Amino acid sequence: MPKLSDSARHRTKTISFRTSEQTEYAIDLIARKHGITKTAVLQFALRHFLRDANEGLSLAEGAKVSFEQVVRETWAPDPSARLARLAERYPELLSDDERVSQGPKRAKQKSGRPQREAVTSGDL
């Protein structure tokens, strides 16, 4: 079996977004101070945000779950599988368009929320 190159193992996506000049300047200053790239600053901030349970979801049972946990439970390489997992486990995170496309399945879930399974990083 051929070995995967590093780029094949760790595929990345490019995201572009608009921000104010002041925010871009702030990111640049943080990057300079730490000797890292602006991309690394944004990745660090996102990882912190994902891990913070206070920024996550409050569940009906009163517990909180971080977005990092949501990602672990719903991630799949195939977008349709991701959407199905999201609809099953966290229907409150569906967009209005996704709710329409998940209509009958969503109505079923209102009667009783499915039990969430713990997904470990080894399962991904």
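Some observations on this one:
- FRET efficiency for the pair Ala45 and Leu93, taken as 1/(1 + (r/R0)^6) with r the Cβ-Cβ distance and R0 = 22 Å, rounds to 0.60.
- Backbone HN-Hα couplings from phi across segment 41-57 [Karplus 6.51/-1.76/1.60, Hz, Gly and Pro as x]: 4, 5, 4, 4, 4, 5, 4, 4, 4, 5, 7, 6, 4, 5, 8, x, 10
- Modelled label positions at Arg18 and Leu57, each set 7 Å beyond Cα in the direction of Cβ, lie 3.0 nm from each other.
- Efficiency of FRET between Lys64 and His34 - r from beta-carbon atoms, R0 41 angstrom, step 0.05: 0.85
Taken together, the values in this text are just the output of simple stated rules run on the coordinates, not laboratory data. From a predicted model like this one, the values you see are computed outputs, not experimental measurements. FYI the Cβ positions are ideal-geometry reconstructions off the backbone, even for glycines, and counts take in every protein chain you see.
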